[in-house]
Amino acid sequence: MPEAARVHLRTCPLCEAMCGLRITVEAGKVRDIRADPDDVWSQGYICPKGSTLGHLYEDPDRLRRPLVKDANGIHQEVSWEEAFAEIERRLRPVLESDGAAAVGSYIGNPTAHNISLGYYVGAFIGMSQAAGLTQLYSAGTVDQWPNNVVSALLYGSMWTITVPDVERSDYLLMLGANPSASQGSLLAIRDVMGRLAALRKRGGKLVVVDPRRTRTAEAADQWVGIHPGTDALFLFAILQTLAEEKLIRTPAELADKVVGLEAVLRMAAEFTPERVAKRCGIDAATIRGIARDLAASKRGAVYGRIGTCTQEFGTLAQWLIEVLNIAIGTLDRAGGKMFPKPVTWSLINVKPPDQPAEGWQFGRWNSRVRGAPEILGQFPVSCMAEEIVTPGPGQIRALITLAGNPVISAPDSAALDAALPSLDCMISVDNALNETTRHAHVILPGLAALEQGHHDDLLWQFAVRSVAHWSDPIFPPEEGRPAEWQILLRLAGTMLGMPASEDHTEELDEAFLAGVLATLTEAPYSPLHNRNAEEIAAALSGRGPERLLDLGIRMGPFGEDFGNQPDGLTLARVKEHPHGLDLGELQENRLDEVLRTESGKIELIHEHLTADLARLRDSIDRPHPDLVLTSRRHLRSNNSWMHNVHSLLKGPERCTLLMHPQDAERFGILHGGKARVRSESGELIVQAEISDEMMPGVVSLPHGWGHDLPGTRMAIAATRPGVNSNRLNPGTLIDVASGNAVVNGVPVVVEAVQP
Ligand SMILES: Nc1nc2c(c(=O)[nH]1)N[C@H]1C(S)=C(S)[C@@H](COP(=O)(O)OP(=O)(O)OC[C@H]3O[C@@H](n4cnc5c(=O)[nH]c(N)nc54)[C@H](O)[C@@H]3O)O[C@H]1N2
Ligand SMILES: Nc1nc2c(c(=O)[nH]1)N[C@H]1C(S)=C(S)[C@@H](COP(=O)(O)OP(=O)(O)OC[C@H]3O[C@@H](n4cnc5c(=O)[nH]c(N)nc54)[C@H](O)[C@@H]3O)O[C@H]1N2
Ligand code: SF4
Ligand SMILES: [Mo]
């Protein structure tokens, strides 16, 4: 007799919106997935991706057993022990001859959505660095590295990210973000478009600055088209206007906590709206108008996201966004830019012990081939290909990718695709045989989302409310399958010299916890400073990621604090709330609590930032390239890895080159016709979509496509492969101050392709 249908409540792990889902399971299968109307956070919101977790679980292409590449280059399913034996056979010789310095690692985006991966990538990297690994890469350098740099310098911690308090704001200036597609980024909020509509309904104003009139821009009071890469100039001009028109409104209590505001205002003096208007493509009156509106707002916020990061002046733009929130006096105030108060004290906040107390240092070591400085411990992801193919001491001969698909997501992707086959050893911890993992000698799959417990650790750090929500696993994993945290510990053990064929997971987990607790009881910024590590360890329940989550919750702002707050939270208490536990809106006046700079103040001036001003100044009179490429997202995609879900893939072609009618006419390109797009690094042919939603002179391609490479196993994605836009993005283009990739504002030429 088939088992009765059962409803499970779970948080969707796919994006920062963290929607609460009701998942009905019958006879071992997902029958349907709907929004949970009683979820304390999302209150019944869901997007089309959320209802596909069953498809992801049931997808026959999802890897359930390890794959090893055979002598003919074909991936064959093997047992876990065979897979680890192959790792020993391939990785050990590299470690023995060249050490961990010859091993590179790349960390991908799903790490942020899965605590088994997230916490234990920390363990793997920490232990590997102890063994000598320096070649660390991540999707972060095609994403938010500028935010991390600015947060480290201004607030003393790279993950102290301020979020716009959208639910209470009366004016939101949004740059380079399209939440109608992304659902919010470095901004966790429920039903973001609903909340933006509510902001306007209560009399607030939404202004969107974007070269494309996105759906978010259409839902705004004002759309401001901007030439890609010029946001720092635009933001400086707003600041200059505020200063010139005596509209700076930093209250004394905040001003007392800020060092360098006057100096930034002096720097802004030369960047008048009139001076930058042409370069930005925005007339001076519009810039002045926005400055005045911003100053007139009571609870205004300035928010920028990936479009302001993955561009030539990403770090300066992020810096100026923070400065502007200070200038209008709404940093750390309701409705302004606020410091989230997540339920967990996230382990990602553990400051690396090698960072000096007096501030962050960059360039402590340099990449071997192009001499790129490490920034926050990483090199630009575009260095990876050259570090693999260029011979000499320190050459990457082994690569470990963790939940990443850099052959699609990193710039100059053709170069990386060509470099990977030359590795002596490539190991991927991944659930798919895709464009990147097809090069791996060994692929180790993690569990599906529905097979493991879930609580967001990183993402609640970007949330506009404080919430806790545990999700139990729904389906049991196959007998004997390791979870990702166990896989990562085993790999870490191998890096430390233990044979991959031996399982030291339990002892390594104890060592990892002991190391974390040693840091947390010693570091002055830690809530556990001077506490007894052994007592704390003894109080924790569970093992692996659940134990670390229990630690994060107990030491967090609502936690039981190991006996000091008996009514406070533990993981067990969080589990008593299947619809989540709402802990309230964000609090004001938290600077003393959150700042971790040596001075205890917000430090606005740093040589690392101001050194880039000359480059910015020089850009003002630079002529615009004839045509530049930008990036975009779609609600039904999730970076590169959800195109194997049929219900998401269907519908009109989405991987299109968006271009303005004037440009289409100029180049003789027809709507629905094919265009050849060429850049310094590559060329591709793609379907054109003509629309005046683009600014003239700017074209847009989504990333995450190009599923037509041989040796992959994603049958549905291959039916509509699309093209990989990152073939067009040269790896040499980076935001200097962060090493972040530039994928917006890339010069291209197009021509019509005759059918
Ligand atoms: N041109 C351009 N390029 C971009 C961007 C852009 O806007 N424009 N955006 C950039 C950004 S913001 C990001 S974050 C990156 C993303 O870059 P990546 O993180 O490299 O790419 P994803 O497409 O997210 O790939 C995720 C990988 O993880 C695997 N995976 C999914 N779930 C799991 C899991 O639970 N466990 C494991 N082990 N593996 C899993 C998938 O199979 C896939 O291989 O792309 C960047 N690239
Ligand atoms: N459905 C869906 N949701 C996602 C993802 C996904 O792939 N699909 N990816 C997730 C990830 S990893 C991330 S990081 C977030 C990103 O979330 P968002 O930052 O909201 O990203 P996008 O939707 O790509 O919006 C970026 C916008 O920047 C604009 N832009 C390009 N260049 C410039 C410029 O120079 N200046 C300005 N002002 N704007 C510019 C683009 O036209 C685009 O509209 O989304 C997350 N959510
Ligand atoms: S918006 Fe969609 S993908 Fe994001 S958490 Fe909600 S249901 Fe999941
Ligand atoms: Mo991202």
Q | Inter-centroid distance (Cα atoms) of the stretch 502-568 relative to the stretch 1-34, Å | A | 31
Q: Sort 572-582, 335-345 for me by packing, meaning the mean count of neighbouring Cβ atoms within 10 Å per residue, highest on top.
A: 335-345, 572-582
Q) Gap in Å between the Cα centre of the stretch 217-287 and the Cα centre of the stretch 710-727? A) 42
**Q.** Mean Cα-pair separation over length for the chain, i.e. relative contact order, pairs under 8 Å, 6 or more apart, %
**A.** 19
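Please list D38, D456, D143 in order of solvent-accessible area, largest first, computed with a 1.4 Å probe with all protein chains present.
I get D38, D143, D456, largest accessible area first.
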Q | Share of carbon and sulfur in the accessible heavy-atom surface of the stretch 624-755 [1.4 Å probe, %] | A | 56
Q) Dipole of the chain, Cα-centred, from +1 at each Lys and Arg C-beta and -1 at each Asp and Glu C-beta, to the nearest 20 debye? A) 1960
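Could you tally the net charge around P747, taking each other residue with its Cβ under 12 Å from the Cβ of P747, Lys/Arg +1 and Asp/Glu -1?
-1
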Q) Which residue, chosen from M555, V264, P228, occupies the Cα position most advanced towards the positive end of the dipole of the chain, where the dipole is computed from +1 (Lys, Arg) and -1 (Asp, Glu) charges on Cβ about the Cα centre? A) P228
Q. C383 accessible area, nearest 10 Å², 1.4 Å probe?
A. 0
Q. Using the heavy atoms of the protein chains alone and a 1.4 angstrom probe, what is the accessible area of the chain per residue in square angstrom?
A. 35
Q.
Charges on Cβ only, +1 for Lys and Arg, -1 for Asp and Glu, centred on the Cα centroid of the stretch 307-396; of G363, G394, A334, which one is farthest towards the dipole's positive end?
A. A334
(Q) Students often forget the sequence filter, so: which aspartates and glutamates lie under 17 Å Cα-Cα from K674 once same-chain residues fewer than 8 apart are removed? (A) E653, D663, E665, E683, E689, E751
Q | DSSP beta bridges in the chain [antiparallel fraction, %, rounded to 5] | A | 50
Q) Of all accessible surface on the stretch 102-149 at a 1.4 Å probe, what whole percent is carbon and sulfur? A) 57
(Q) Over 30 Å between Cα atoms: which of K29/K575; K246/K351; K49/K351 fall into that group? (A) K246/K351; K49/K351
Q.
Could you sort the peptides 114-121, 81-88 by per-residue average Cβ neighbour count (10 Å cutoff), highest mean leading?
A. 114-121, 81-88
**Q.** Integer Hz, Karplus 6.51/-1.76/1.60 couplings in order for the stretch 44-49, x for Gly and Pro
**A.** x, 8, 8, 10, x, 5
(Q) Please report the carbon-and-sulfur percent of the accessible area for the stretch 492-545; probe 1.4 Å, protein heavy atoms only, DNA, RNA and ligands left out. (A) 51
**Q.** Ordering of 525-533, 674-682, 99-107 by burial proxy (mean other Cβ atoms within 10 Å per residue, highest first)
**A.** 99-107, 674-682, 525-533
(Q) For K205, give me every one of the lysines with a C-alpha distance below 17 angstrom, ignoring sequence neighbours fewer than eight places off in its own chain. (A) K298, K337
Q: Please list the non-local residues whose amide H lies under 5 Å from the amide H of D412, H modeled 1.01 Å from N, same-chain partners needing a gap of 5 or more.
A: N729, G731
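The values are calculated or read from the model by the stated rules, or taken from the named source; none is laboratory data. Since the model is a prediction, treat every value here as computed from it, not as a measurement. Every residue, glycine as well, gets a Cβ built from its backbone with ideal geometry; the counts of neighbours run over all protein chains shown. The accessibility values were calculated without ligands, DNA or RNA, using every heavy atom of the protein model including side chains. Shrake-Rupley method; radii C 1.70, N 1.55, O 1.52, S 1.80 Å.
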